[in-house]
Amino acid sequence: GQQLNQSPQSMFIQEGEDVSMNCTSSSIFNTWLWYKQDPGEGPVLLIALYKAGELTSNGRLTAQFGITRKDSFLNISASIPSDVGIYFCAGLPNTGNQFYFGTGTSLTVIP
Amino acid sequence: EAGVAQSPRYKIIEKRQSVAFWCNPISGHATLYWYQQILGQGPKLLIQFQNNGVVDDSQLPKDRFSAERLKGVDSTLKIQPAKLEDSAVYLCASRRTAANSPLHFGNGTRLTVT
């Protein structure tokens, strides 16, 4: 099956710092989605991207759909303690109707 | 709009017992998914429904797992008999049929098999 490479696997940052993470695929995707998952909860949708080159913001979060359609990036600016959690990317390939997920980036924010 | 509803939130059973999970998707969402999420990993698709029909169940262990969505709205996922390795969070998700439609998840059911 399709594999999504998500990096970094984990991050430990100081409060106020910016965060960057990315996902890459081996094939072209039509849709990229970014989620945050807190312990004991389901993934919550943060940003949805549907067009190559698209740059979308949601508060302090900004995500981009890569021009090659094989990657996507998520940035968090001025991190705060409640940003702690696991961030997942998900993508829908050009062919087929199954979403594929990255392995997650665990974010720890140190006050 | 109300989110994806799942129940129960937690379930503990012994191996070889059976268990069932229930999901009610967001109103108007024709596509429904069941995922298995093992600790430290991303969700893994078990089965996908479009209305009351199965679109993809290629990764469903059919010797022990079954799922149905008889009326094209809510869905149940059953495991019988359960194994230790079935311990995971079972997530239900739904989306509209339209191309540019994101996936919305419920809070999941955490299953522990002892």
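Where a number appears in this text, it was derived from the coordinates with a stated rule and is not lab data. Just so it is clear, the structure is predicted and the values come from calculations on it, not from any experiment. Here Cβ is always computed from backbone atoms with ideal geometry, including for glycine, and neighbour counts include all displayed protein chains.
Quick notes on this one:
- The residue of the stretch B:63-88 that is farthest from B:Asn24 (Cα to Cα), among those that are of a type in the set (A, V, I, L, M) and more than 14 Å from chain A (Cβ to nearest Cβ), is B:Leu84.
- Enumeration of residues in the stretch B:89-110 that are farther than 8 Å from A:Gly42 by Cβ, among the polar types (S, T, N, Q) and at the interface with chain A (Cβ under 8 Å from one of its Cβ atoms): B:Asn100
- Unique residue being of a type in the set (D, E, K, R), surrounded by fewer than 16 Cβ atoms within 10 Å (Cβ to Cβ) and over 25 Å from B:Thr97 (Cβ atoms) when the list is A:Asp18, A:Asp83, A:Asp71: A:Asp18
- Residue in the stretch A:49-72 that is among the β-branched types (Val, Ile, Thr) and touching a residue at least 60 places away in the same chain (Cβ under 8 Å) present: no
- Of residues in the stretch B:48-62 being aliphatic (A, V, I, L, M) and assigned to a strand (DSSP E or B), the one nearest to the other protein chains (Cβ to nearest Cβ): B:Val55
- Of all the residues in the stretch B:59-74, those that are surrounded by 14 or more Cβ atoms within 10 Å (Cβ to Cβ) and of a type in the set (Lys, Arg) number 2.
- Which numbered condition A:Leu4 fails, given (1) without any contact (Cβ under 8 Å) to a residue 60 or more places away in the chain; (2) within 13 Å of the chain's Cα centre (by Cα): (1)
- Just so you know, in the stretch B:75-93 the residues that are touching a strand residue (DSSP E or B) at 6+ places or on another chain (Cβ under 6 Å) and part of a helix (DSSP H, G or I) include one that is surrounded by the fewest Cβ atoms within 10 Å (Cβ to Cβ), and it is B:Leu84.
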